[in-house]
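The values are calculated or read from the model by the stated rules, or taken from the named source; none is laboratory data. All figures in this text were calculated on a predicted structure; none of them were measured in a lab. In this analysis, Cβ positions are derived from the backbone assuming ideal geometry, glycine residues included, and neighbour counts consider all displayed protein chains.
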Amino acid sequence: MLGQNDLPAFAYLRHQCRQALTRFANAGSLHDDMIVLQVAQFGKEGHTVDSPVDCCGLCPEYAGMSYLVLARKYRPQKFEDLLGQEHVARTLTNAISMGRVHHAFLFTGARGIGKTSAARILAKALCCAQGPTATPCGTCAICQSISSGQSVDVQEIDGASNTGVDDVRTLREGVRYLPAEARKKVYIIDEVHMLSTSAFNALLKTLEEPPEHVVFIFATTEVHKIPATIMSRCQRYDFKLLPSKVLAEHLTRILASEKIACEPDAVRLVAREAAGSVRDGLSLLDQVVAYVGQETLTREKVAEVLGVADRRLLFQLADQVVARDVAATLRLVADAVDRGVDLMQMARAFLGFLHDLEIVTAVPDADDLIDATAEESAETKVLAGKAGKGLATSLFDRWARAVEDAARSQTPRLLLEMALVDLCNAEPLLPLGDLLDRLEKLEGRLGSSGASPARAVAPESRPRGIPPARPSARAVVPARAPAVASVPAAPQALSPDTDVGEVWRRVRESFGHRPAVAAALDHAEVSGWEGGAVTLQFSQKFALDQTAKFKPEVERALSQITGTATRVDLKMASGKVLPLLRSEVGREAEAAQLDQHQRETEAREHPMIRKAQELFGVAPKEIKTP
Ligand SMILES: Nc1ncnc2c1ncn2[C@@H]1O[C@H](COP(=O)(O)OP(=O)(O)OP(=O)(O)O)[C@@H](O)[C@H]1O
Ligand SMILES: [Mg+2]
Ligand SMILES: [Zn+2]
């Protein structure tokens, strides 16, 4: 029975036979090995025997044919074939032609960008029968045995499976012997960061002073795990991820030589998904080709096979967000998830799209700065126009946070959906300077048109960058609301034309020359007034204690003002008894709150702010008062 690892084989067959591989298309990821597919495995005459493949009968033509995954078929054989690593190729080429080749190299960088390929090319360059040369012939016996991985003098060691000190000892043994046929003995250790510390230590001495005929090439994706002692003995080369455009061009060339028809958009989507790794790009291509068979590669199909959000979806999403259509936005996401799009992938891709949107907004001619076709970038520009200044920034900001949170969350979908609702309601982030400039201009216009000039905004006295603290001056704030919160019906003890508030005000006034008493009384709430007894309650103990000191004086004042002998009881406020009269302190706080509210309302109503709202179509989000 064929396993998942045989997928590339199916990929090839599918390319020939439409029905054959449908069911395998999504079976799993591809690997980097050559698979020899004996079509006989499928049974005589290519008909189904032991496999779920419904073969169309084309199979006999391919009996005995081997299939090589694209990544292996298109392994660079010369320095000039190495895409995106020109800096490496150039330095190595120069070193070889000047005969100044180091004995230890460290190739670092992400996966699938040419480290192993470069190591093999370097080995060929050093060993080729025509060399040492920067342009190995590729045809001599030595070049060929290196290319096919069969050279006895060029050993590729997998660091991941030979991690121990014994492995390194064996290697050290071998190092002593002269090469069998080539000029040099080359040790290529892949994933070298996997070596154990003792293995690294065992390697140090040899690496320091290897025999003349030995060259080490280490490759790693995780350079930070390499001990400094090893690093300092090697010449380091950093391999770079490929720009999406370069990768797309490479994939297009390969598709052309494979005679597979494709839409440019489809290739670009694959390239974008590969995120700079050539091998990933080629593996994805294998997978997609396996799916579409002989049909043309379209953007929709690629998006479908890879389960990714294509730019169209991202564009639509942004379009609905800008239109503030929450329902449509959420539906787009739900549909995409139903189609099998990976939500986090989509979230990240959308972040990328918002990034493009922001760039297009900020830079008028941004075609070279974003990864999009001319058509897409024109479309994005129109959308940026719709969004208006400042919105893209705000959307990007919010979405970036949402993506980060979702990545850590157990329920990313909920988070992302809520974040989309939030995006639909997002207000543009305008630079303060811009806003001030516009307000100032507006002020000028309003002033000259005879509208009431704004008194609060005084640009000449306000430092730039600081918003006017209050859009309106205090003077225009209407008189404060009456400070007495709740005035009960006048108690019997008082004459009908007075009330608690009035009596209490006069009591306090009578202590105008005694600030200590007045201050204590400011904290008193009148909570009872009955039959010649007044209850004062306090929320702070110190105020109660203070008032207690002056209790006889307060009683005296009260008796005088009401004309009745009046007793005063003091207690702490329990929160149960509502005061008849709020304390002065409490009233001030309340009044301040009221005042703040009034000032806010007023600010919103202010002609200048309203005009600004009309002009920019935005609403003040928050009004700060000092
Ligand atoms: N710079 C490149 N130019 C052209 N093709 C490349 C490049 N890098 C990688 N490839 C393609 O990807 C395949 C794998 O590349 P290679 O083995 O050199 O990558 P690597 O950097 O060693 O990856 P890893 O870190 O996973 O070992 C190659 O056979 C080739 O098809
Ligand atoms: Mg490698
Ligand atoms: Zn050669």
Completion exercise
The condition from (1) part of a helix (DSSP H, G or I); (2) of a type outside the set (Phe, Trp, Tyr); (3) farther than 30 Å from Lys240 by Cβ that Arg324 misses is numbered (1)
Fill in the blank from the handout: Matching residues in the range 512-535 (assigned to a helix (DSSP H, G or I) and of a type in the set (A, V, I, L, M)) number 6
Problem - Gly149, sole failed condition from (1) assigned to a loop (DSSP other than H, G, I, E, B); (2) within 16 Å of ligand 1 (Cβ to nearest atom); (3) modelled with pLDDT of 90 or more - result: (3)
Problem - Among residues of the range 73-97, those that are part of a loop (DSSP other than H, G, I, E, B) and on the phi < 0 side of the Ramachandran plot, counted - result: 8
Exercise for the section: Scan the range 219-235 residue by residue and report those that are within 16 Å of ligand 2 (Cβ to nearest atom) and touching a strand residue (DSSP E or B) at 6+ places or on another chain (Cβ under 9 Å). Expected result: Ala219, Thr220, Thr221, Glu222, Val223, Ile226
Exercise for the section: Give the range 93-121 a look and list any residue that's among the hydroxyl-bearing types (Ser, Thr, Tyr), near ligand 1 (Cβ under 9 Å from one of its atoms) and touching a Lys or Arg at 6+ places or on another chain (Cβ under 8 Å), or say none. Expected result: Ser117
Exercise for the section: Answer yes if at least one residue in the range 120-138 is without any contact (Cβ under 8 Å) to a residue 40 or more places away in the chain, more than 29 Å from Leu247 (Cβ to Cβ), outside any loop (DSSP other than H, G, I, E, B) and more than 14 Å from ligand 2 (Cβ to nearest atom), and no otherwise. Expected result: no
Handout entry: Residues located in the range 357-386, provided they are in contact (Cβ under 8 Å) with a residue 40 or more places away in the chain and surrounded by 15 or more Cβ atoms within 10 Å (Cβ to Cβ)
Key = Asp371, Ala372, Glu376, Glu379, Thr380, Leu383
Problem - Test for Lys441: is it within 18 Å of Ala318 (Cα to Cα) and more than 21 Å from the chain's Cα centre (by Cα) - result: no
Handout entry: Answer residue from the range 240-256, given it is among the charged types (D, E, K, R) and in contact (Cβ under 8 Å) with a residue 40 or more places away in the chain and is surrounded by the most Cβ atoms within 10 Å (Cβ to Cβ) among those
Key = Lys240
Exercise for the section: Can you confirm whether the range 98-117 contains a residue that is near ligand 3 (Cβ under 10 Å from one of its atoms), assigned to a helix (DSSP H, G or I) and out of contact with any Ser or Thr (no Cβ under 6 Å at 6 or more places or on another chain)? Expected result: no
Handout entry: Exclusive hit being surrounded by 22 or more Cβ atoms within 10 Å (Cβ to Cβ), at pLDDT 90 or above and not assigned by TED's automatic domain parsing to the domain that holds Arg401, set Leu354, Leu317, Leu285
Key = Leu285
Practice task
Please indicate, with yes or no, whether at least one residue in the range 86-93 is away from ligand 3 (no atom under 15 Å from the Cβ), surrounded by fewer than 19 Cβ atoms within 10 Å (Cβ to Cβ) and of a type in the set (A, V, I, L, M).
Solution key: no
Exercise for the section: Just name the residue that is farthest from Pro515 (Cα to Cα) out of those in the range 553-592 that are modelled with pLDDT of 85 or more and of a type in the set (Asp, Glu). Expected result: Asp569
Problem - Pair list, Cβ < 7 Å and 6+ apart or interchain, from the range 305-325 residues that are in contact (Cβ under 8 Å) with a residue 12 or more places away in the chain to residues that are among the hydroxyl-bearing types (Ser, Thr, Tyr) - result: Val305/Tyr291; Leu317/Thr329; Gln320/Thr329; Val321/Thr329
Practice task
Quickly run through the range 139-159 and pick out the residues that are closer than 14 Å to Pro179 by Cα, within 15 Å of ligand 2 (Cβ to nearest atom) and surrounded by fewer than 17 Cβ atoms within 10 Å (Cβ to Cβ).
Solution key: Gln155
Completion exercise
If we keep only residues of the range 157-202 that are more than 38 Å from the chain's Cα centre (by Cα) and among the small types (Gly, Ala, Ser), then the residue nearest to ligand 3 (Cβ to nearest atom) is Ala182
Fill in the blank from the handout: If we take the range 546-626, then helices (runs of 4 or more DSSP H) inside it with 1 or more residues that are within 30 Å of Ser527 (Cα to Cα) and among the acidic types (Asp, Glu) are 551-562, 584-605
Practice task
Keeping to the range 365-411, report how many residues are in a helix (DSSP H, G or I), farther than 15 Å from Leu314 by Cβ and of a type in the set (Ser, Thr, Tyr).
Solution key: 2
